[in-house]
1. Over the chain, with a Gaussian network built from C-alpha contacts below 10 Å, which listed residue (234, 71, 283) shows the highest mean-square fluctuation?
2. Counting only protein heavy atoms, what percent of the accessible surface of region 115-176 is carbon or sulfur at a 1.4 Å probe?
3. State the percentage of accessible surface on region 210-308 attributable to carbon and sulfur atoms; use a 1.4 Å probe and exclude ligands, DNA and RNA.
4. One quarter of the convex hull surface, Cα atoms only: what value does that give for the chain in nm²?
5. Run the helix sum for the chain: -39,500 (n - 2.57) per DSSP H stretch of 4+ residues, divided by residue count, reported at 222 nm to the nearest 500 deg cm²/dmol.
6. Dividing the alpha-carbon radius of gyration of region 201-312 by 2.2 N^0.38 Å (N being the number of residues), what value is obtained?
7. Restricting the count to DSSP beta bridges whose residues both fall in the chain, what percent are antiparallel, rounded to a multiple of 5?
8. Of all the stretches in the chain, which is the longest one without any exposed loop site, taking trypsin sites (Lys or Arg not before Pro) in a DSSP loop (any state but H, G, I, E, B) with at most 16 other Cβ atoms within 10 Å?
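The values are calculated or read from the model by the stated rules, or taken from the named source; none is laboratory data. All values reported here derive from a predicted model rather than from experimental measurement. Cβ sites come from the backbone with ideal geometry, for glycine too, and all protein chains shown count toward neighbours. We work out accessible area using only protein heavy atoms, side chains counted, and drop any ligands, DNA or RNA first. Shrake-Rupley method; radii C 1.70, N 1.55, O 1.52, S 1.80 Å.
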Amino acid sequence: MIGVLIFPDFQLLDAAGPIAVFEIAARSTGKPPSIKVIALTPGAVRSSSGAEMLARGIRPAGAITTLIVAGGWGVRTAARCEKTLNFVRAMEKRGVRIASVCSGAYILAEAGILDGRRATTHWQRTQHFLKTYPKVKLEPDRIFVRDGNIWSSAGISAGIDLALAMAAEDFGDEVARKTARQLVLHERRAGGQSQFSSLLELKAPAGRFAPLLTWAREHLDAPLKVDDMAEQAGMSSRHFTRAFIAETGSTPSKAVERLRIEAARQRVQSSSEAIELVAQSTGFRDPERMRRAFIRAFGQPPQSLRRAARAG
């Protein structure tokens, strides 16, 4: 039984996306879907869009084997509700597989079940989440993260990626692939793929490190080591690294790699320039190093992105 936990002002797609995945996956195996939308107060629950979902109460919940917690505008109020938190804690103690979509990670974090665990959430909430929950091992670049029986996903549509990965675990890879095709998804993204929005965030930086990131983008062919960036920022290396992570939610080295990936992607897709030259001019130096970075970020090598761009 899949339980989808919602609350007033939840994000509709956070709930509807995973529901659609599990419905289609179950039907493709000839089984009726077993999904229940639940809320602290049963009845019609208004989403942030104004559309409503009809929910059952959170108790009894003995049949639930997977709990998916939605996010949305109302998440901070929900994360302060002790009854909601106790319910999530009880599910975790029972060994239920628990997942959060987008900012639903705040509820899991407030319940304490993310302490010491790897997790992710929407890239726009990275800085606040890091400051609020220092015990969580946040991985802001990930589409979704699994740590034992606790799963978390990034912004909104990433909940579909997470649900597809869960469906693969429940029904097998072929069913998950069929489900993705039924949903007219180009491909099922791996959890290790970077949140593309985090690349865009660095593309137009704000805050005290904006000039530094602009400088780094203009000098991608340089080594751009932490010491180099700290010197450019006028800070000690140790203080710079801590301040940079707190401000951007990323380590300096990961930020530089994202800038290089984005610059290389644009050149790969928009030109016929040799991959080796792209790697050299964007600071990767070695084409194999760039290929590995592309696979981490986009799930495919540079040549595949170039072919897709030309086909498009």
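1. 234
2. On the way: 1180 of 2430 Å².
Carbon-and-sulfur percentage of accessible area, whole number: 48.
3. 52
4. Details: hull surface 67.7 nm².
For the Cα atoms of the chain, the hull's average projected area reads 16.9 nm².
5. When only DSSP H runs of four or more count, the value is -15000 deg cm²/dmol.
6. Values: Rg = 14.7 Å, N = 112, 2.2 N^0.38 = 13.2 Å.
That works out to 1.12 for region 201-312.
7. Expressed as a percentage, antiparallel bridges in the chain total about 30.
8. The longest such stretch corresponds to 1-79.
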